[in-house]
Amino acid sequence: MTRDQELQMNIERPTSWLPLANSRAAEEIASRDWSATSLGPVEDWPVSLRAILSAMLTCPTPMYLAWGPDLISFYNDAYRPILGYRQADAMGKPFRDLWASIWDDISSLVEDCLHGQSRKMVDMRLDLSRTGESEESYWTFTYSPVQDDEGRVAGLLCVTGETTARILAERARAKADERLNLAMSAANSVGIWDWDVVNDRVTSDSRFASLYGVDAAVATEGAAIDHFFEGIHPDDRARVEAEVAEAIRTVGTFSSEYRLLRADGTIRWVSAQGQCIAGDDGRCARLPGVSYEITELKRAELQLRAAKEEREFVLDLMARQRMLGDPQEILHCASEALGKRLGVNRVGFYRLTGPRTICHEASWTDGKLAALIGIQATDHYGVLADQERRAGRALVFGNSRSESRGALAPYADEGVLAGLCVPLLTDGKWAAGIYLHQATIRHWTEPEVTLAKEIVQQTWLAMERAEALRNLNRRLEEQEATIAQREIVLREEFERREAAERQLRQLQKMEAVGQLTGGIAHDFNNMLAVVISGLNLTQRQLARGNTDVGAYIEGALEGVNRAAALTQRLLSFSRQQPLEPAVVDANGLLTGLSDMLSRSLGEMIVLETLLQPDLWATKVDPNQLENAIINLAVNARDAMPDGGRVVLQTANAHLDTAQARVAGMEPGDYVRIRVQDTGAGMTPEVLSKAFDPFFTTKPTGRGTGLGLSQVYGFIRQSGGHVSINSQISRGTVVDLLLPRCLEGAGQVPMDQRVDVPQGRPEDVVLVVEDEDRVRSFTVAALKELGYTVLEAASGVAALAILKARQDVRLLFSDVVMPQMTGPQLVEQAQSLRPDLKVLYTSGYTGKSLETHDRVKASGNFLAKPFSFDQLARKISDVLSRKAAG
């Protein structure tokens, strides 16, 4: 075959160089898509890689190849068992990922090899975890660098073999040798034996015969194995026979520790080691070995184990006692645990109650001895027992009938033959103790005495802790009861004080009402005097034929206007004044007021305005807001009799949740209007009463005490908040916060226009008013303006007119009327005439939220009393709107 034909075959069969017929690993390489790896497709692999793989895949020795920058894994079939559970995805996996569990052990060897150094490791311990669990295994292997086509190191080749079986065998042999050396160095405690398994004949030296209680001559001549088994403790013999049988079956090693029972009843521990020797048929023919005594070693081991168990017992008991709160339960728990641990018949605690008496506390018994209860004399069990306990010494006896020359007879008389009594000393004096009683003769060991002493100390501490905690809880309960009683007394006192305060507030309210009614009566009398005088004089002049009465009428009107203003202030204070909110630009409002305020405040007061650009709009009754600002400015002027400065300031403000909660408002955006002065300021006492109705610091006749109350009522009614900060000699700052409105600022109110609009005869107005005089004036005024007017004294009459007259354009109704209110009338009227326009009027809307909200929501309201001009403007304004009122 020519070279071109060979090249063509390789192109058509890129894996033809793999020994597919004889290698499972080769089949895995051929079936895998290598294009996604750093090696690329198989047809692109270098000749050097193909050559190494071809040789490795046919080798019977376990071999592993790591190739390329990622050290991609390849291996032969002999290596496959080493992979264990990793076989499924091992082929093509990076070396580090495949053997991540041992990478820390071999990484330095890999680095050396990749730098061109061959490495060999002999019997290296590696935990391959072939089954997924940790294992002990040993390996002898070499790492050899392999080169690519250009002669560069491209990876490494591993040739390996497991040596675990040899290592473990050598270890076992070394251990056997160590024991043999130990046995041989133990002089007479070591015996050598050789068992002819086929003929069942054991021969041994004299030391072995002595250990097992066999005649030395018989041991030298030889005897059956059962003859030697007879010396093994009955509890261990079956186990040892089974271990020997297993060693013979497997032709392995025999190793065991067991007890030998001597003829005198003593027990010795021995360790026996032997190695089976196979015959020609492969089965065990001989079992030689040695036996050596380990009694002292075993005794120490048992003592250590017992000490460990005892410590665990003590710790467990302490944990259980910490969970108990009753002292008697603690004592009973300790008595039962100690009694069962030491296997005694009765355990109990006692406490010294007097110089010659003790009281038995909780105890435990298994039923063979009766429980000790109640009071008992300290010498109940004799003088010796009393003396030993008073001296702080433990009383230990194993046979009360024969020991201490009869001094322990009282114990024997009650069936107690063995006892362990441990006293507990407090400040060097006998205070309590524990007893362990046995109905049979017994030898007490030192560890048992030590354990009893430890338990009594531990238990008594636990009991004292529980008693202290119980006393503390009792004191706490008593204190809580005392506190609860004091709380009851304080609550009753608080309720009495609250009742007194309520009574005082009622008295103050009555006094305030008296002050209010007196002040209002005084003011109204003055105003009515002006009205009556003017009207009387007008009447007299007209009777004489004199028509020059303008001055008298103007005086009467002034009195009426003053009375109306006082009424509005009272309604605003009571927060019952119906508002006419409109979108207001506070900057424009303050600018319009500044000229008037400058003249009103006087030459000694300097008025400044600090207006924020781009100020948000707010929706509020502009007339009431003007009145509030004027009121605050006048108060500021009165606080500066020697002159000063008043600042009107606007700003945008945002209240977060915490700030809004303090103010009793909703979080959000607000417009702030600030009135600040440099006056005398207020004391904390005066400041706390600033919003109280009727409270004033002005001289009699110069203030009613309603000014700030009116401001507060109006701002709160508008959804805002008022705050005052003041300091003596530093002035006062009043902040009005009003909700932001996203609508644009409205037009100038109609009341501020100069012209008085006239009506038209085709505009029919229905006036509904239950007060005849008010209705007559309203009807006359509307007719004077040119409107066609119909009138009704009740809602029922108004509905009848509306049903009869379809040309009514406007319903002008009072809010508060008997039988049917204004809003109720409007509801029925608009069900008949949806296009009917509405205008409400009232001097008081009452406390009905439904009435107030509906009047306010309509936006069409004219407050009583109203002037001719106000009526003309409002009627014209409502009729000119497109939407129905």
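The values are calculated or read from the model by the stated rules, or taken from the named source; none is laboratory data. None of these values were measured; they are calculated from a predicted model. Reconstructed Cβ throughout: ideal geometry from the backbone, glycine too, with neighbour counts over all protein chains shown.
Of everything in the stretch 190-218 that's among the hydrophobic types (A, V, I, L, M, F, W, C) and under 24 Å from G279 (Cβ atoms), which residue is modelled with the lowest pLDDT? Break it down into steps so the answer makes sense when it comes.
Going residue by residue through the stretch 190-218, those that are among the hydrophobic types (A, V, I, L, M, F, W, C) are 190, 192-193, 195, 197-198, 202, 208-209, 211, 214, 216-218.
Subsequent filtering for residues that are under 24 Å from G279 (Cβ atoms) retains 192-193, 195, 197-198, 202, 208.
Working: I192: 87, W193: 87, W195: 92, V197: 91, V198: 91, V202: 90, F208: 84.
Checked the stretch 190-218; the qualifying residue modelled with the lowest pLDDT is F208.
Just so you know, in the stretch 416-427 the residues that are in contact with a Lys or Arg (Cβ under 8 Å, 6 or more places away or on another chain) and farther than 16 Å from H360 by Cβ include one that is surrounded by the most Cβ atoms within 10 Å (Cβ to Cβ), and it is A418. Kindly indicate the residue of the stretch 636-664 that is over 31 Å from the mean Cα position of the chain (by Cα) and among the polar types (S, T, N, Q) and also farthest from V686 (Cα to Cα) among those meeting that condition. The extreme case among them is N652. Against the definition (more than 30 Å from Y411 (Cβ to Cβ), modelled with pLDDT under 80 and under 45 Å from the mean Cα position of the chain (by Cα)), how does R322 come out, yes or no? Yes, satisfied. The residue that is farthest from D763 (Cα to Cα), among those in the stretch 785-825 that are assigned to a loop (DSSP other than H, G, I, E, B) and of a type in the set (S, T, N, Q), is Q819.
Does F866 count as within 18 Å of G759 (Cα to Cα), over 60 Å from the mean Cα position of the chain (by Cα) and at pLDDT below 85? Yes, satisfied.
Among the residues of the stretch 80-102, how many are touching a helix residue (DSSP H, G or I) at 6+ places or on another chain (Cβ under 9 Å) and either outside the structural domain of A25 (by TED's automatic domain parsing) or under 12 Å from L128 (Cβ atoms) (or both)? Qualifying residue count for the region: 5. Taking the stretch 441-470 as the range and being among the hydroxyl-bearing types (S, T, Y) and touching a residue at least 60 places away in the same chain (Cβ under 8 Å) as the test, only T459 passes. Could you please give the count of residues in the stretch 597-624 that are within 22 Å of P581 (Cα to Cα) and among the polar types (S, T, N, Q)? So the answer is 3.
Using the structure shown, decide if Q321 is part of a helix (DSSP H, G or I) and out of contact with any Ser or Thr (no Cβ under 6 Å at 6 or more places or on another chain). Against the criterion (part of a helix (DSSP H, G or I) and out of contact with any Ser or Thr (no Cβ under 6 Å at 6 or more places or on another chain)), Q321 qualifies. Scanning the stretch 801-839 for residues that are loosely packed, with under 12 Cβ neighbours inside 10 Å and either small (G, A, S) or touching a residue at least 60 places away in the same chain (Cβ under 8 Å) (or both) turns up A804, S831. A single entry from G274, G348, G339 fulfils the requirement of being in contact with a Ser or Thr (Cβ under 9 Å, 6 or more places away or on another chain), outside the structural domain of A176 (by TED's automatic domain parsing) and not in a helix (DSSP H, G or I): G348.
Condition check ((1) of a type in the set (A, V, I, L, M, F, W, C); (2) assigned by TED's automatic domain parsing to the domain that holds V662; (3) outside any loop (DSSP other than H, G, I, E, B); (4) at pLDDT 85 or above) across all residues:
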{"position": "V722", "(1), (2), (3), (4)": "yes, yes, yes, yes"}
{"position": "Q747", "(1), (2), (3), (4)": "no, no, no, no"}
{"position": "Q758", "(1), (2), (3), (4)": "no, no, no, yes"}
{"position": "V767", "(1), (2), (3), (4)": "yes, no, yes, yes"}
{"position": "T778", "(1), (2), (3), (4)": "no, no, yes, yes"}
{"position": "K783", "(1), (2), (3), (4)": "no, no, yes, yes"}
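The set of residues in the stretch 25-36 that are without any contact (Cβ under 8 Å) to a residue 60 or more places away in the chain and in a loop (DSSP other than H, G, I, E, B) comprises D33, W34, S35, A36. Across the stretch 338-365, the number of residues qualifying as free of Cβ contacts under 8 Å to residues at least 40 places away in the same chain, farther than 14 Å from P423 by Cα and hydrophobic (A, V, I, L, M, F, W, C) comes to 2. Could you list, in sequence order, the residues of the stretch 269-286 that are free of Cβ contacts under 8 Å to residues at least 60 places away in the same chain, on the phi < 0 side of the Ramachandran plot and surrounded by fewer than 19 Cβ atoms within 10 Å (Cβ to Cβ)? Answer for the stretch 269-286, where residues must be free of Cβ contacts under 8 Å to residues at least 60 places away in the same chain, on the phi < 0 side of the Ramachandran plot and surrounded by fewer than 19 Cβ atoms within 10 Å (Cβ to Cβ): I277, A278, D280, D281, R283. Only one entry in D236, D215, D200, D196 is of a type outside the set (S, T, N, Q) and within 20 Å of I294 (Cα to Cα), namely D236. Of the strands (runs of 3 or more DSSP E) entirely within the stretch 605-679, those holding at least 2 residues that are under 19 Å from I715 (Cα atoms) and assigned by TED's automatic domain parsing to the domain that holds Y712 occupy 617-620, 644-655, 668-677. Taking the condition hydroxyl-bearing (S, T, Y) and either buried (at least 19 other Cβ atoms within 10 Å of the Cβ) or at pLDDT 90 or above (or both), does T700 pass? Here the answer is no, as T700 does not meet what is asked.
Within the stretch 638-651, is there a residue that is more than 25 Å from C741 (Cβ to Cβ), β-branched (V, I, T) and out of contact with any Leu (no Cβ under 8 Å at 6 or more places or on another chain)? No: zero hits.
Residues are listed down the side, and each one gets a yes or a no for (1) of a type in the set (S, T, N, Q); (2) over 23 Å from R173 (Cβ atoms):
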| position | (1), (2) |
| --- | --- |
| S204 | yes, no |
| G222 | no, yes |
| A263 | no, yes |
| C276 | no, no |
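Checking each residue in the stretch 387-441 for being hydrophobic (A, V, I, L, M, F, W, C) and outside any strand (DSSP E or B) picks out A391, A394, A407, L408, A409, A412, V416, L417, A439, I441.
This table checks each residue for (1) touching a residue at least 24 places away in the same chain (Cβ under 8 Å); (2) part of a helix (DSSP H, G or I); (3) closer than 18 Å to L18 by Cβ.
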{"residue": "S38", "(1), (2), (3)": "yes, no, no"}
{"residue": "I52", "(1), (2), (3)": "yes, yes, yes"}
{"residue": "A55", "(1), (2), (3)": "no, yes, yes"}
{"residue": "C59", "(1), (2), (3)": "no, no, yes"}
{"residue": "Y64", "(1), (2), (3)": "yes, no, yes"}
{"residue": "G84", "(1), (2), (3)": "yes, yes, no"}
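Taking the condition touching a strand residue (DSSP E or B) at 6+ places or on another chain (Cβ under 8 Å), surrounded by fewer than 17 Cβ atoms within 10 Å (Cβ to Cβ), modelled with pLDDT under 95 and more than 23 Å from E28 (Cβ to Cβ), does S118 pass? Judged against the criteria, S118 is a match.
Taken as a whole, the structure leaves L424 outside the set of residues that are without any contact (Cβ under 8 Å) to a residue 40 or more places away in the chain and touching an Asp or Glu at 6+ places or on another chain (Cβ under 6 Å).
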